[in-house]
Each structure stands twice: as C-alpha cells, then as structure tokens.
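Shown next, in structure tokens, is the structure this report addresses.
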Amino acid sequence: MAQPPVRVLIVGASVAGLAVARALRLAGIRPELVEKLAPTVVAGAGIFLPGNAIRALRELGLDNPLRPLGAVIRRQRFLDATGAELCSVDLEQLWQGVGQCRALPRADLHQVLLTGAGGEVRYHTEVCDVEVGDETTKVAFGDGSYAEYDLIVGADGRRSAVRRLAEIGGAPHPVGQIAYRSVVSGGPEITEWTALLGQRSGIALAPMGYGRVYLYADEPLPAGSAPPADPLVRLRQLLGDYGGPVRAVLDAVEKVQVAVTDEVELSGWSRGNVVLVGDAAHATAPTLSQGAAMAFEDALVLAEELRAAPSVVEALARYESRRRPRTQWVLDRTRDRDRTRDVAPALRDPVLRAKGGTIFQEHYRLLVDPV
C-alpha cells in the first residue's frame, strides 16, 4: 500500500479488538479504540487456547507475557457420563511445532492484550451511526460527537452494532444451545482437560493453575425458551448424576455465567472501508475453543494486507479471501462435533471408544498449518 490508512477506528475492546490494535501498531498504524462498556467490565470465567491461538499470540509478540499465566494442557480426555474413558487426544503431538495449549482466566488474557495494544481505550463510548462513504466513513458517537475515518474495524462481537449500522449483516442465529461457565476454586484436583459427554449435554473441565478449574457446560435450549432464572441450580440439576469429578466440582461452584449460544454466518465481511473481525464476522458455538484463535489470526492477516494492498478496499477483500476458508472450516467442524454430542450415547460411545481420538483430532487438521 502506498499510503496506509491514517485514521483507523476499532470498535470493541475485547479479545478481537485488542488483537487488531496490537497487530496494527506492529504494522506502524496507530488506531483509535473505543468500547461502550466500562473498563471494569471484563468477561469473566476462563478460556482454553489451542495451539494455533498460541502461535498467533507469538506472532503478535505476546507469548512471553502469557507464559506465566494459567496452565499448560497436554491432553484432552473424553469420558462418558459415568466417568468411564471414551478416548483421548495427545495435544502435544497434535500441536507439535505450533504451540502449547493453555487454559487461563479470561481476565488475565485480556490484560496481556490490553497492554500489548498500548492500553489506550476510550471507554463508555458507543457508536450510534455509521455513514459509509466512497473514501471515508463518518461515525456518530453516543456523546453527540462525529468523526471521519479511513478504516472502521467492527470487533464488537456476535451482536455487533457495526455490522448492523453499516448494513453488512443481520442478527446472529441461535443454535438451540445454552452454555454455562464458571471458574471453580477449592474443588477436586483436575490435572487434564476432561470432558464428560451425556445425553445431548456435557461438561468440560480445564485446570488453570493455583487450584482453579475452568468449567464449561452446555445443554439444548428449545426455540423461544429463556435461560434459567437460577443457573447454578439448573447446572446442578443437569449434571448432578454425572460421574468422575463432576459432583465434587459442582459442590465447589459458587457463581455461574449463562448465555444463549448463536452463530454469525455472513455473505460478506466488509462494506466500503468498514470490516468485521472475530465473532462479529464469523461466530460459532464454542465447542472447538477457536473463537480467540480466529480473532488473533484475523488481526494478523488484516494488518498484513493493509501493509501490502494498493487500497483499503482491496486490503479488506484480500483479508476476507484468505480468512473465509479457515473460519468456514471451524464452523463446519463445530457443527460436526455438536452433532456427535447429540447422538444417543448407546450409539455414540462405542464409536468414540473405537476411534474418537482420531475423529476429534481431525477437527483441527487444517488449523495446524499456518494462516
């Protein structure tokens, strides 16, 4: 690019937005970063980062500050609802030469990304209107102010305001699933990523160091139904009969986050000089733990194309062309794994005992290769 975009606005200061800010700063572009929430509002619970997420963080120059945080995960174990072994995946072998898998509190990852992005965020700043022009885009903010930009990056999540205001796509689509998340302390010792699969529901437990465990569970949510009024009570009802460490973990749970799971699948990710990244462009159910990884990879590719392309619009087209096959793979494999979970245990479990490790490892095959 002969002249990189000078005035760049990133909307959203969570994982995707902070990763883009970091990548652009490394490319010599200093973006503005706005967030409608307060600085104290950081998504809680934990996060599991597969090897390709760690590789992307290494390319962003953020692997060293991450290294002391959380716990390295070397193996995934899949059990049936009674706690009997179904299969396992050797993560060190799967991600050899790519990166170590790690589980850690989401707030710790957020702080690493915030520091890497320079820490300059305008909080309590909502985007209320986006007027896409031929060369620049005019943005109206909640305080009544306006500004024009050469590039707008919508990194504001599944329910992206930028996506709606710039008329790039509509609302996310519910997948008929509800997710529960918690960070548990004082429960039984969990040393490996461990999932128990039941009848159309399941739970995954990942150690995060210092006696903390990240708990993720899900179950079907019929169309039109609302999340439970008391998520902790419902979680204990749902999983109370599970074997292995589940009952002891549930006894130690104090607080549960609950959310309806949805997808974002769009025909295009940009309009003019407005582009979407991360969940705003291609959200999936969290089954493969690829949300952060895809956002980090988006950031790297977007910054690379902005340096190389002859115009912003061409850079955005190249970015989408490179990223779409990979994010579509994640969406397709996520749906595959969710269908596996939904098969009746009497049919599913013998298949997983015979070749589950191979099946689950195949879901990441494309992602082992570089972006």
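Total residues in segment 171-187 satisfying the condition of being closer than 30 Å to residue 275 by Cβ and not in a strand (DSSP E or B): the figure is 2. When the residues of segment 299-346 are filtered to those that are polar (S, T, N, Q) and within 30 Å of residue 204 (Cβ to Cβ), the one that is surrounded by the fewest Cβ atoms within 10 Å (Cβ to Cβ) is 328.
Checked against the criterion of being in contact with a Lys or Arg (Cβ under 9 Å, 6 or more places away or on another chain) and among the basic types (Lys, Arg), segment 136-149 contains not a single residue that satisfies it.
Of all the criteria given as (1) closer than 23 Å to residue 141 by Cα; (2) hydrophobic (A, V, I, L, M, F, W, C); (3) not in a loop (DSSP other than H, G, I, E, B), the one not satisfied by residue 38 is (3). Taken over segment 173-194, the residue count meeting the criterion of being at pLDDT 95 or above and at positive phi is 0.
Of the residues 333, 323, the single one that is in contact (Cβ under 8 Å) with a residue 24 or more places away in the chain, under 22 Å from residue 153 (Cα atoms) and of a type outside the set (A, V, I, L, M, F, W, C) is 323.
Entry remark, segment 63-87: residues being farther than 28 Å from residue 349 by Cβ and in contact with a Phe, Trp or Tyr (Cβ under 8 Å, 6 or more places away or on another chain) number 0 in total. Among the residues of this structure, residue 183 does not count as one that is of a type outside the set (D, E, K, R) and in contact with a helix residue (DSSP H, G or I) (Cβ under 7 Å, 6 or more places away or on another chain).
Only one of these is farther than 30 Å from residue 357 by Cβ and open to solvent by less than 20 Å² (accessible area, probe 1.4 Å): 45, 53, 19, 38. Name it.
Every option except 19 fails the conditions.
Cβ-Cβ contacts under 6 Å between residues 6 or more apart (or on different chains), taken from a first residue in segment 157-169 that is of a type in the set (S, T, N, Q) to a second residue that is modelled with pLDDT of 95 or more and assigned to a helix (DSSP H, G or I), are listed as 160/280.
Within segment 157-170, track down each residue that is assigned to a loop (DSSP other than H, G, I, E, B), of a type outside the set (Gly, Ala, Ser) and within 19 Å of residue 5 (Cβ to Cβ). Matches in segment 157-170: 168 only.
At pLDDT 95 or above, acidic (Asp, Glu) and farther than 24 Å from residue 295 by Cα: which single residue out of 90, 134 fits that description? I'd like the intermediate steps shown before the answer.
Numbers: 134 fails: at pLDDT 95 or above.
Going through 90, 134 in turn, the sole match is 90.
Scanning segment 56-106 for residues being closer than 22 Å to residue 359 by Cα and either open to solvent by 30 Å² or more (accessible area, probe 1.4 Å) or not in a strand (DSSP E or B) (or both) gives a total of 20.
For segment 107-144, the set of residues classified as open to solvent by less than 20 Å² (accessible area, probe 1.4 Å), assigned to a helix (DSSP H, G or I) and in contact (Cβ under 8 Å) with a residue 60 or more places away in the chain consists of 109, 113, 116, listed by residue number.
With the requirement that a residue be open to solvent by 30 Å² or more (accessible area, probe 1.4 Å) and either among the aliphatic types (A, V, I, L, M) or over 30 Å from residue 92 (Cβ atoms) (or both), what does segment 166-187 give you? Listed by number, the residues that qualify are 167, 170, 171, 173, 174, 175, 176, 183. Taking (1) closer than 19 Å to residue 275 by Cβ; (2) in a loop (DSSP other than H, G, I, E, B) in turn, residue 147 satisfies each apart from (2). Checked against (1) out of contact with any strand residue (DSSP E or B) (no Cβ under 6 Å at 6 or more places or on another chain); (2) over 27 Å from residue 92 (Cβ atoms), residue 201 passes all but a single condition, namely (1).
Taking the numbered list (1) open to solvent by 30 Å² or more (accessible area, probe 1.4 Å); (2) under 23 Å from residue 6 (Cβ atoms) in turn, residue 152 passes all entries but (1).
The values are calculated or read from the model by the stated rules, or taken from the named source; none is laboratory data. This is a predicted model, so every value here is computed, not measured. For neighbour counting, all protein chains shown are included, and Cβ atoms are generated from backbone atoms with ideal geometry for every residue, glycine included. Surface areas here come from the heavy atoms of the whole protein model, side chains and all, with no ligands, DNA or RNA. Shrake-Rupley method; radii C 1.70, N 1.55, O 1.52, S 1.80 Å.
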